[in-house]
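Asks: To start, I am sharing the structure in question, which I have written as structure tokens.
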Amino acid sequence: MAKILLVEDDEFIAEIYKKKLGDSGFEVVNAKTGHEALKFMAETPFDLVLLDMVLPELSGMEVLREVRGKPEYDKLLKIVIFSNLSGPEEQEEAKKAGASGFISKTDFTPSQVVEEVKRYLGSSTVTP
């Protein structure tokens, strides 16, 4: 079972995606702040991180740069930006900072997000 870190401070949104991803066979951990996300990533191996850009304490971009710039984090960890800030400038900045991809919350339904997560993990099916 793939383990996903969902970095989302909005409890309503986090619950929707925790349930949808969990029902699809993923183990999901939710971090609500940038500092909490860094702590989880330093202590626990994850297969993929869904990282919001607008977070308390540290922005998603700051978290991304920290993870990509420090040796204590897994350099091969897939970090997908999961945000409403989805303009071309934000996407380009995220790619330059080391993001594995970008999912716009407004352009994807929860079911489509699950399919994108599976695609990023390189598998079309996940067994619960």
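Asks: Using a 1.4 Å probe on the protein chains only, how many percent of the accessible area of the range 3-128 belongs to carbon and sulfur?
Replies: 51 percent
Asks: Please work out whether the range 1-73 counts as rounded, prolate or oblate from its C-alpha gyration tensor, where a ≥ b ≥ c are the square roots of the eigenvalues and a/c under 1.5 means rounded, while otherwise a/b larger than b/c means prolate and anything else oblate?
Replies: Oblate.
The values are calculated or read from the model by the stated rules, or taken from the named source; none is laboratory data. All values derive from a computational prediction rather than experimental measurement. Remember, those area values only see protein heavy atoms, side chains included, never the ligands or the DNA or RNA. Shrake-Rupley method; radii C 1.70, N 1.55, O 1.52, S 1.80 Å.
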